[in-house]
Amino acid sequence: MNAYTNQYQQQQYQQNLINTATPEQILLMLYDGAIRFTRQAMMAAENGNQVQKLERISKALAIIVEFSNTLDHEIGGQIAADLDGLYQFMIRELNAARKDDTGEKLKTVEGLLVGLRETWGQAVTINREQQGAVDTVLKREQSDQPDRAYVPLHAAG
């Protein structure tokens, strides 16, 4: 197979993952992407590749901006406000990291992203476990109840 075929197959695989993923899985994938791009920017900076550093910072920025733009402040209340503040801080740090040669701003953002990713991962796991428990109780209750939709004709009169 040539490189174009491999690239096409990889894109199809990734598209399939996205099409079949739950919103929670997509959120975690986006965090993984932002972390990966931030780490790649750090590596590029260490290697003196300014162009690649700036490209990766831009990709991480795009994800974080999307996180901020999709917050629902009506439903999320104070948590959404706190997350927005954190996202805005990361956006400022990434913008400053474009000119920062120490890598400290990238490390700060990476640490925040890793922490948030772990927290969301735990929340998804807890939610899944709780939903599984609710589903089990509902199934048990449904199996204990007779089917009320079926009433024999001779019993109706």
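The values are calculated or read from the model by the stated rules, or taken from the named source; none is laboratory data. Values in this document were obtained by computation on a predicted structure and should not be read as measured data. Every residue, glycine among them, receives a Cβ derived from its backbone with ideal geometry; neighbour counts consider all protein chains shown.
Entry remark, segment 85-143: residues being more than 21 Å from VAL51 (Cα to Cα), hydrophobic (A, V, I, L, M, F, W, C) and at pLDDT 95 or above number 6 in total.
Residues in segment 3-13: is at least one at pLDDT 95 or above, more than 15 Å from the chain's Cα centre (by Cα) and assigned to a helix (DSSP H, G or I)? The answer is no; no qualifying residue exists. Residues considered: ALA41, ALA80, ALA60. Of these, the only one that is within 23 Å of ILE26 (Cβ to Cβ), touching a His at 6+ places or on another chain (Cβ under 7 Å) and surrounded by 14 or more Cβ atoms within 10 Å (Cβ to Cβ) is ALA80. Of the residues making up segment 97-132, those that are assigned to a helix (DSSP H, G or I) and surrounded by 14 or more Cβ atoms within 10 Å (Cβ to Cβ) number 15. Would you confirm, using the coordinates I've provided, whether GLY33 is at pLDDT below 95 and in a helix (DSSP H, G or I)? So GLY33 does not fit the description; no. Checking each residue in segment 72-118 for being farther than 23 Å from GLU46 by Cα and touching a residue at least 60 places away in the same chain (Cβ under 8 Å) picks out LEU116, ARG117.
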